[in-house]
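To start, the structure itself, in structure tokens.
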Amino acid sequence: MKKFLSFFTVSRNIYWLGFVIAVAASAIELFRGGAENYCVFRDATLQFWQGINPYTQDFVDVHHRFFIYSPIFCVLFAPFAFLPFYLGGFAWNLFGYTVFYFAVKNLPGVLSEKAPLIMLYLLLTVAQSLFCFQFNLLVAAIFVWAFVLLERDQSFWAILLIMLSATTKIYGAIELALLLCYPRFWRNAGYVVLTGIGFLLLPALNGGVEGLLAGYENWFAQLTSHQSTGTYYSILFVPGIRTFALSHMRIFQAAALLLLAIPFLLPILPPFKGRGGVGLPFRVGALAGLMGYIVLFSEAAEYTTYTIAMTGYALWYFLEDKRPVFDKILFWALFVLWCVMPIDLFCPSKICNYVHSTLWLGVLTYTLAWLRIIYTTCKPVPSAQCHQALQ
């Protein structure tokens with residue numbers, strides 16, 4: 001039994017376990033005619049390079065979903081799209097999983113020692129993203145990798161990753177708020193402008209300036225005109241507040257963003273200034289809060305979108321060796337609700353839908369965890385712990 005358990009304490013063992021899952025998930029979905037997300041990414045990218053507008057109703061009629069990623073995504077996805085269909089599908093999933101794994105493996109401080117446990121905790125939600133060929137896994141990986149690079153004082157490369165995420169799926173831009181936690185803010189702001197311009201010009205590789213402007217015009221038209229009648233797993237869709245929240249969506253999102261801004265403001269305001277607020281626990285809490293926000297207040301959060309939120313939560317939870325009973329209960333409740341239940345193999349879909357879509361336990365439980373993250377991040381660091389927090 002000890003040998004069996006010790007297997008899961010070795011990072012490379014966790015990697016290969018996940019690698020096998022990634023290969024199996026890719027094979028099952030590709031050969032049974034699934035992999036809808038990969039087909040959408042691939043077909044939209046191929047149409048982009050052929051000079052065909054993928055932001056049309058015809059595309060929706062064929063694929064039964066909107067393509068709402070930017071033209072920049074079509075440029076960056078090209079290496080996968082131009083591969084043979086099956087090879088490209090395997091490459092996409094294995095690339096996303098590998099980038100995610102090494103992001104977690106290279107976490108700073110005590111988190112690096114707990115990387116196997118973090119990966120093990122997240123493995124089932126990672127598997128969900130792999131089965132769906134989702135971009136969310138890479139979004140989560142970019143959040144973590146950018147954080148790792150910022151911790152290493154490699155801010156240019158961190159900002160390059162953040163802007164890659166922001167210019168392909170806009171909510172990745174929220175990680176730029178982390179720059180407030182690090183020195184040389186204005187230099188980093190310059191990097192944001194330079195890398196942003198570089199990414200925005202990428203679609204000019206196909207069609208020049210005229211094609212560049214047309215691509216963005218078509219994309220913006222899609223973003224402003226498309227509507228979804230589905231129900232998604234965010235606070236905006238919780239019964240009781242759904243009608244009001246959806247009709248005042250931007251107000252809800254802005255109010256939550258103001259709540260999230262509190263941890264960033266406290267370290268520079270009396271009486272918190274100089275008390276160690278920007279130490280590693282603060283920065284990890286800020287990262288987790290940002291990753292939770294973009295999912296919890298999303299207009300289209302699905303089960304697999306919670307890969308992003310759960311990754312941030314796991315980093316926050318594992319940072320401390322000892323947690324109160326309340327946190328431990330939340331930890332396992334979230335694991336069951338978001339890692340185990342969405343997988344049909346472990347939980348019948350009727351039960352999962354009842355728990356998530358009728359009782360809304362998944363969203364409500366994660367909301368509680370998110371508020372807990374914000375609270376602990378805002379909480380002033382006692383003077384006696386100030387030095388330790390800054391390590």
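Values computed for the structure shown
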quantity	calculated
Sole residue being under 30 Å from residue 173 (Cβ atoms), touching a Lys or Arg at 6+ places or on another chain (Cβ under 7 Å) and part of a loop (DSSP other than H, G, I, E, B), chosen from 55, 69	69
Scope the range 343-374; condition hydrophobic (A, V, I, L, M, F, W, C), touching a residue at least 40 places away in the same chain (Cβ under 8 Å), assigned to a helix (DSSP H, G or I) and within 15 Å of residue 234 (Cβ to Cβ); matching residues	363, 364, 369, 370
Number of the exception - residue 124 against (1) over 30 Å from residue 46 (Cβ atoms); (2) assigned to a loop (DSSP other than H, G, I, E, B)	(2)
Residue within the range 271-283 that is open to solvent by less than 40 Å² (accessible area, probe 1.4 Å), modelled with pLDDT of 95 or more, aliphatic (A, V, I, L, M) and assigned to a helix (DSSP H, G or I) present	no
Per-region count, the range 25-43, residues assigned to a helix (DSSP H, G or I) and under 22 Å from the mean Cα position of the chain (by Cα)	9
Wholly within the range 190-268, helices (runs of 4 or more DSSP H) carrying at least 3 residues that are open to solvent by less than 40 Å² (accessible area, probe 1.4 Å) and modelled with pLDDT under 90	208-225, 249-265
Pairs, first without any contact (Cβ under 8 Å) to a residue 60 or more places away in the chain and in a helix (DSSP H, G or I) in the range 135-158, second buried (at least 22 other Cβ atoms within 10 Å of the Cβ) and acidic (Asp, Glu), C-beta under 9 Å, six or more apart	142/175; 146/175; 158/175
Residue among 297, 335 that alone is closer than 25 Å to residue 97 by Cβ and open to solvent by less than 50 Å² (accessible area, probe 1.4 Å)	335
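The values are calculated or read from the model by the stated rules, or taken from the named source; none is laboratory data. The shown structure was predicted, so the numbers you read here are calculated from the model rather than taken from an experiment. Methodologically, a virtual Cβ is constructed for each residue, glycine included, from the backbone with ideal geometry; neighbour enumeration extends over all protein chains shown. Heavy atoms of the whole protein, side chains included, go into the accessibility calculation; ligands, DNA and RNA do not. Shrake-Rupley method; radii C 1.70, N 1.55, O 1.52, S 1.80 Å.
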